[in-house]
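Worksheet for the structure shown next.
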Amino acid sequence: MPENSRLVAKKEEWARKGRGLLEDGVMRDTRQRSSRLPPGQHKTKGWPVLDLGIHPTVATADWTLTIKGCIEQPVTWDWDAFLQQPQVKSVSDFHCVTTWSTFDNAWEGVRFTHIVETVKPKPEAGYVFFTSYDDYSTNLPLSICLDDDVLLTRSWNGEPLSVEHGGPLRMIVPNVYAWKGAKWLKEIRFMERDRLGYWENRGYSNTGDPWMDDRYAL
Ligand SMILES: Nc1nc2c(c(=O)[nH]1)N[C@H]1C(S)=C(S)[C@@H](COP(=O)(O)O)O[C@H]1N2
Ligand SMILES: [Mo]
């Protein structure tokens with residue numbers, strides 16, 4: 001896969017060195033927080049673009065989302081079918097593991113809990129694996145995906161999501177670092193067992209809790 005190999009090599013090096021951790025190799029629980037900023041993060045201006053360097057252009061006319069795996073009702077939606085699902089708005093903060101955060105992003109899209117009600121995961125489904133049009137992937141426990149503010153997002157601050165930020169559709173999962181929110185979302189697979197995604201296979205934490213400074217697989 002053609003990708004931004006210098007960035008990937010840099011981020012692998014950061015994972016080895018524990019860059020951004022307040023104390024080497026120590027995670028800290030800051031959930032009893034007085035600040036909106038997780039440990040080791042700074043608030044940035046605007047909204048940086050961070051990805052593997054491939055920006056797949058998928059016209060909504062060609063776009064589909066397939067949801068499969070350990071579920072009762074597999075579906076493939078085209079763009080119209082996606083728009084027919086209940087749309088909600090949600091405002092949340094966004095924390096990239098490279099230490100920048102943005103506040104008060106207004107997202108619009110479909111709640112992950114609506115996906116769950118529609119596809120009906122089997123009782124043994126405990127994990128979710130996301131695959132994107134740039135071949136990126138990431139994984140989450142189903143429990144994290146059930147948070148109210150987890151959205152399949154098609155709009156940011158009132159505008160359609162731009163291609164560079166993952167349009168037509170991306171995941172937003174505010175309670176974990178932003179690498180766990182797949183841009184250019186193509187497939188969601190429910191699974192019995194966990195499977196590591198792109199960064200989770202390259203030294204990044206499998207849990208990725210910003211409030212725990214939980215950046216790397218230590
Ligand atoms: N498909 C895909 N999704 C991705 C990535 C990627 O390279 N490809 N990068 C991740 C990382 S590391 C971050 S920080 C966020 C950045 O989103 P942004 O570019 O919209 O700021 O997207 C995440 N989702
Ligand atoms: Mo990131």
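The values are calculated or read from the model by the stated rules, or taken from the named source; none is laboratory data. Only a predicted model underlies this, so the values are computations on that prediction, with no experimental measurement involved. With ideal geometry, Cβ positions are generated from the backbone for all residues, glycine too; neighbour counts draw on all protein chains shown. Ligands, DNA and RNA are excluded from the accessible area calculation, which covers all protein heavy atoms including side chains. Shrake-Rupley method; radii C 1.70, N 1.55, O 1.52, S 1.80 Å.
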*Go through ARG202, ARG193, ARG189, ARG170 for me and flag whichever is over 28 Å from LYS120 (Cβ atoms) and among the basic types (Lys, Arg).*
ARG202
*Between a first residue in the range 90-106 that is under 14 Å from ASP209 (Cα atoms) and within 10 Å of ligand 1 (Cβ to nearest atom) and a second residue that is open to solvent by less than 20 Å² (accessible area, probe 1.4 Å) and part of a strand (DSSP E or B), which pairs have beta carbons less than 7 Å apart while being 6 or more apart in sequence or on different chains?*
PHE94/SER101; PHE94/THR102; PHE94/ASN105; HIS95/SER101; VAL97/TYR204
*Among residues belonging to the range 175-198 that are more than 8 Å from ligand 1 (Cβ to nearest atom) and of a type in the set (A, V, I, L, M, F, W, C), point out the one that is most open to solvent (accessible area, probe 1.4 Å).*
LEU196
*Output yes when any residue across the range 174-183 is touching a residue at least 40 places away in the same chain (Cβ under 8 Å), closer than 18 Å to ASP51 by Cβ, in contact with a Cys (Cβ under 8 Å, 6 or more places away or on another chain) and of a type in the set (Gly, Ala, Ser), and no when none is.*
yes
*Yes/no for ASP51 being at pLDDT 95 or above, assigned to a loop (DSSP other than H, G, I, E, B) and within 15 Å of ligand 2 (Cβ to nearest atom)*: yes
_Pick from the range 155-173, criterion more than 16 Å from ligand 2 (Cβ to nearest atom), touching a residue at least 12 places away in the same chain (Cβ under 8 Å) and closer than 16 Å to ASP104 by Cα, ranking: farthest from the chain's Cα centre (by Cα)_ = GLY158
_Suppose we filter LYS11, LYS68 for residues that are open to solvent by 50 Å² or more (accessible area, probe 1.4 Å) and touching a Ser or Thr at 6+ places or on another chain (Cβ under 9 Å); which single one remains?_
LYS68
*Odd one out for ASP213, checked against (1) farther than 22 Å from ILE71 by Cα; (2) more than 16 Å from ligand 2 (Cβ to nearest atom); (3) among the charged types (D, E, K, R)*: (2)
*asked:* Cβ-Cβ under 9 Å, sequence separation 6+ or interchain: first residue in the range 46-71 and free of Cβ contacts under 8 Å to residues at least 60 places away in the same chain and within 16 Å of ligand 1 (Cβ to nearest atom), partner open to solvent by 60 Å² or more (accessible area, probe 1.4 Å) and in a loop (DSSP other than H, G, I, E, B). Which pairs?
replied: GLY53/PRO2; GLY53/GLU3; GLY53/ASN4
*Scan the range 54-77 residue by residue and report those that are under 20 Å from the mean Cα position of the chain (by Cα), in a loop (DSSP other than H, G, I, E, B) and away from ligand 2 (no atom under 16 Å from the Cβ).*
PRO56, THR57, VAL58, TRP63
*Assess whether THR131 counts as being farther than 22 Å from PRO210 by Cα and at pLDDT 95 or above.*
yes
